[in-house]
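The values are calculated or read from the model by the stated rules, or taken from the named source; none is laboratory data. Source: prediction; values computed, not measured. Cβ: placed from backbone, ideal geometry, glycine included. Neighbour counts: every protein chain shown. The protein model used for the area step is the full one, side chains on, heavy atoms only, and it has no ligands, DNA or RNA in it. Shrake-Rupley method; radii C 1.70, N 1.55, O 1.52, S 1.80 Å.
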Amino acid sequence: MKRIGVLTSGGDAPGMNAAIRGVVRTAFAHKLEVYGIFRGYTGLINDDLKPLTHRSVSNIINRGGTILKTSRCPEFMTKEGQKRAVEILQRNSIDALVVIGGDGSYRGAQILAREWHIPCVGLPGTIDNDLNGTDRTIGSDTAVETALDAIDKIKDTVNSMERIFVVEVMGHHSGYIALKSALAGGAEQVLIPEVKFDIQDICHEITEGYIRGKASWIIVVAEGAIKGMELARQITEITDLETRVVVLGHIQRGGSPTAEDRILGNRLGAAGVELLIKGVSGVAVGVLNDQVHVVDFEEALRPVTFDTKEDLRLIKLLT
C-alpha cells in the first residue's frame with residue numbers, strides 16, 4: 001500500500017479535523033501518501049481530490065467543521081455512482097480509504113469494501129453518539145457542551161422572568177445530546193425519542209409545581225421526540241402558562257472541539273491508518289473503556305441502545 005484517501009461525509013462534527021490530522025500525519029510517519037477527497041462521496045464521484053501534505057493539516061486541530069468539506073450523496077447509493085467512485089480511486093492510484101462520518105458514511109464504506117473490494121476503515125464522526133462499537137463518537141462531547149452552555153444562559157432568563165422554556169436540541173433518533181445536557185444543566189424534564197411520554201402528565205407536574213411556588217421550568221427536548229414549538233403550544237393550551245421555545249439547531253455542530261473530541265479524533269485517525277497498514281478492512285474503529293476497539297461495519301450499524309434509566313431517574317429525583 002502506497003497511497004490512501006480520506007473523506008468526511010454526512011453531517012459535520014467538531015473533531016473531524018483532528019481525525020483528518022491523525023490520518024495524514026500517521027500515514028506520513030509510515031511513508032504513505034495521502035489524498036484528501038473533498039465533499040464526501042460527492043467529491044469522490046466528481047474526482048474532487050488533491051494530495052495532502054504534512055503542512056496541509058497544520059493548525060486545524062482546534063477548528064470545528066471539516067477542512068475537506070462534506071455532503072450527502074444519494075447518487076453514491078446507485079451502482080453507477082459506486083462504479084464511478086471506484087474508477088476515480090483506481091485512476092488516482094488510491095489503495096485504501098478512511099471514511100469519517102455517521103451511519104450513512106459507514107454504509108458507503110461497507111459497500112466499497114464488501115462489493116468492490118476497496119480496503120476501507122470507518123471513524124465515528126457524528127454528534128449523536130449513535131454508532132455501535134464505541135462509547136463515544138467524534139463530536140458528541142462538543143455538541144453536549146454547546147447545548148449545555150446555551151441551557152446555562154437560558155436558565156438565567158428563566159429564573160429572572162419566571163417562565164417555562166422548551167429547549168429543542170438535535171437528535172432525530174438519538175436522545176443522547178438532550179439527555180446529557182438536561183442532566184448537566186439541571187433541567188426539570190427531558191423528552192427523547194427512545195422513551196414514551198405523556199404531555200398531560202408533564203403539564204400536571206408543571207401545574208403542581210406552579211401551585212407550590214415553582215414559577216420557572218426548563219424542558220429539554222430532542223427534535224425526534226416532538227418539535228419544540230408543538231410541545232410549547234400544547235403546554236400553554238393545557239396549563240395556561242406562558243411557554244417560550246429556543247431551537248438550538250446547527251450551532252450544536254459548530255465551534256471549537258473540546259479536548260475530549262480532539263484527543264479522540266487524533267487517536268482514531270492514527271488507529272484507522274494503522275489498521276489499513278495491517279491489512280484490516282471493512283471495519284469501524286472506536287473506543288470502549290478508553291481503549292481502541294474495532295468492530296465490523298455490520299456490527300457498527302446495528303440499532304444503538306443505551307441505558308437511559310439512570311439519567312432519567314436522576315433528572316426526576318433532582319427536580
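Within the range 224-239, which residues have the backbone N less than 16 Å from the label spot 7 Å out from residue 173 along Cα→beta-carbon, could you tell me?
Hits in the range 224-239 for residue 173 at 16 Å: 224-225.
Please give the per residue accessible area of the range 140-254, computed with a probe of 1.4 Å over protein heavy atoms only, in Å². List each step's numbers first, then the result.
Numbers: 5320 Å² over 115 residues.
Heavy-atom accessible area per residue stands at 46 Å².
Quick one: of the DSSP bridges fully inside the range 1-132, what percent are antiparallel, nearest 5? Don't jump to the answer; show the numbers that get you there.
Values: 4 of 19 bridges.
Approximately 20 percent, going by the DSSP bridge assignments.
Please report, in Å, the Rg and the Dmax of the range 140-254, where both are computed over Cα atoms only.
Using the Cα atoms of the range 140-254, the pair Rg, Dmax is 13.1, 40 Å.
Going through the cross-link list 2/50; 153/227; 69/196; 155/227, which pairs have a Cα-Cα distance over 25 Å in this structure? Display every interim value, and only then the final one.
Numbers: 2/50 15 Å; 153/227 21 Å; 69/196 37 Å; 155/227 20 Å.
Those over the limit are 69/196.
So for each of 17-28, 158-169, 53-64 I average, over its residues, the number of other beta carbons within 10 Å; can you give me the resulting order with the highest mean first?
17-28, 158-169, 53-64
Accessible area, 1.4 Å probe, largest first: how do 207, 305 sort? Spell out each step's value before the answer.
On the way: 207 55, 305 125 Å².
Per-residue accessible area, sorted high to low, gives 305, 207.
Convex hull volume of the Cα atoms in the chain, per residue, in Å³?
On the way: hull volume 38.9 nm³, N = 319.
That works out to 122 Å³ per residue.
Put a dot 7 Å past each Cα toward the Cβ at residue 77 and residue 54; how far apart are the dots in nm?
Simple spin-label model gives 4.2 nm for this pair.
Leaving ligands, DNA and RNA out of it, report the carbon-plus-sulfur percent of the accessible area of the chain at a 1.4 Å probe.
Working: 7070 of 14410 Å².
C and S fraction of accessible area: 49 percent.
From the phi angles alone, apply the Karplus equation (6.51, -1.76, 1.60; θ = phi - 60°) to the range 42-48 and give each ³J(HN,Hα) in whole Hz, x where the residue is Gly or Pro.
Computed from phi, the couplings for the range 42-48 are 4, x, 5, 5, 8, 6, 9 Hz.
Once you place label points 7 Å from the Cα toward the Cβ at residue 215 and residue 310, how far apart are they in nm?
If labels sit at residue 215 and residue 310, their model points lie 3.8 nm apart.
At 7 Å along Cα-to-Cβ for each site, give me the label-to-label distance between residue 200 and residue 163 in nm.
2.9 nm
Express the relative contact order of the chain as a whole percentage, based on alpha carbon pairs under 8 Å and six or more residues apart in sequence.
Numbers: 725 pairs, mean separation 78.6, N = 319.
Normalised by residue count, the contact order of the chain is 25 percent.
Once each part is reduced to its C-alpha centroid, what is the distance from the range 226-300 to the range 91-120 in angstrom?
21 Å
Using only the Cα atoms, work out Rg/Rh for the range 245-298, with Rh taken as the Kirkwood radius, to two decimals. It would help to have the intermediate numbers written out before the result.
Values: Rg = 15.0 Å, Rh = 13.2 Å.
Result for the range 245-298 is an Rg/Rh of 1.14.
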